[in-house]
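Just below is one structure, and these are the notes that go with it.
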Amino acid sequence: MQARLRKKLLTGLKILVSAVLIYFIFTKIDYQEFVTAIRKSKPFPFILGILLVLLSKGIAAVRLNAYFHTIGAKLTQTSNLKLYFQGMFYNLFLPGGIGGDAYKGYVVQKQFQTGTKKVVGVLFLDRLSGMVIICVYILLLLLFIEHPLIENLKPFIVLCIPLGVGAFWFINKYFFSYALRVFWKCLGYSALVQLFQVVCVFFLVKSFLVTENLLEYLVVFLVSSVVSIIPLTIGGFGSREITFLYGSEWLGLDSNISVGVSFLFFIITALISLFGIVYHIKKPNLVVEEH
């Protein structure tokens, strides 16, 4: 009973934080200009964005399955994909219940008995792999941006890229050695996942007829992806937008367009996550890969 009450309170707090952040954002931007910018945006990039994010989620599911295989949970790609979309639905639409990652871990452990520690380990590596690539992309883009605060830091930025990847390899080798054999493969998958999402945002920005500071918008998006992982809001809704707002101010971008891009990306993610309701209603059977 206490656990259920705690979950409800946590969900209520997340909804409240999201609502407060969104309210705060709209006190900082021109609402009429924001609506006008959304209306003037072109629909084709939004449709293309759905396809790109959908593709990125498919690759992310393949990455997670590669990690599952290292601990003996040899799911077929099809059944793993269904489980992945079910988890996405839980993360965004059922925040008061079991989280998407926790649910996937529970199901895999229940069927394969691989050990809770290993299941949690590969779920952690799956997340961390994506985070490492996001940081690498941020650093790479910063090298091509001319900004007074960045210029003197570029030699340090170049050094941080191999150090970051090296640190991730070290973590894999010494704490999760069972997954080391898929290190480069999963890092490659992560690179594709984030690349497709960056391209999606590139087209969303272009849909607002923006021709300048495109790299800056992409950097803000990637930073917002890191911030949105912090479990303080519903699916990152609010935290991503507040990052876009302040990031646009710091880099001299149009705040209305920045927040508009963030809203459109959230809508795309929500639409794709909603597809997972199919596997919430009819739980997928986890099929083992045949050799």
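The values are calculated or read from the model by the stated rules, or taken from the named source; none is laboratory data. Because the structure is a prediction, the values reported are computed rather than measured. Cβ sites come from the backbone with ideal geometry, for glycine too, and all protein chains shown count toward neighbours.
Among Gly100, Gly105, which is the only one that is under 16 Å from Lys283 (Cα atoms), of a type in the set (Gly, Ala, Ser) and at pLDDT below 85?
Testing whether each residue is under 16 Å from Lys283 (Cα atoms), of a type in the set (Gly, Ala, Ser) and at pLDDT below 85 leaves just Gly100.
Regarding Leu143, is this residue farther than 24 Å from Ile267 by Cα and either of a type outside the set (Phe, Trp, Tyr) or loosely packed, with under 13 Cβ neighbours inside 10 Å (or both)?
Numbers: farther than 24 Å from Ile267 by Cα: yes; either of a type outside the set (Phe, Trp, Tyr) or loosely packed, with under 13 Cβ neighbours inside 10 Å (or both): yes.
So Leu143 passes the test.
On the basis of being touching a helix residue (DSSP H, G or I) at 6+ places or on another chain (Cβ under 7 Å), farther than 22 Å from Gly188 by Cα, surrounded by fewer than 22 Cβ atoms within 10 Å (Cβ to Cβ) and of a type in the set (A, V, I, L, M), does Leu81 make the cut?
When the stated conditions are applied, Leu81 does not pass them.
Looking at (1) under 25 Å from Ile277 (Cβ atoms); (2) outside any helix (DSSP H, G or I), which is the one condition that is false for Thr114?
Just one mismatch for Thr114, condition (1).
Here are the criteria: (1) farther than 23 Å from Asn172 by Cα; (2) surrounded by fewer than 23 Cβ atoms within 10 Å (Cβ to Cβ). Tell me which single one Val120 does not satisfy.
So Val120 meets the others, but not (1).
Okay, residues lined up against (1) modelled with pLDDT of 85 or more; (2) hydrophobic (A, V, I, L, M, F, W, C):
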{"position": "Phe244", "(1), (2)": "no, yes"}
{"position": "Glu249", "(1), (2)": "no, no"}
{"position": "Thr269", "(1), (2)": "yes, no"}
{"position": "Ile277", "(1), (2)": "yes, yes"}
{"position": "His280", "(1), (2)": "no, no"}
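On the given criteria, is Val132 under 22 Å from Ile230 (Cα atoms), surrounded by fewer than 15 Cβ atoms within 10 Å (Cβ to Cβ), in contact with a Gly (Cβ under 9 Å, 6 or more places away or on another chain) and modelled with pLDDT of 90 or more?
No; evaluated as a whole, the condition is false for this residue.
Kindly list, by first and then second residue, each pair from a residue in the range 124-153 that is without any contact (Cβ under 8 Å) to a residue 60 or more places away in the chain to a residue that is of a type in the set (S, T, N, Q), limited to pairs with Cβ atoms under 8 Å and residues at least 6 apart or on different chains.
Val132/Ser190
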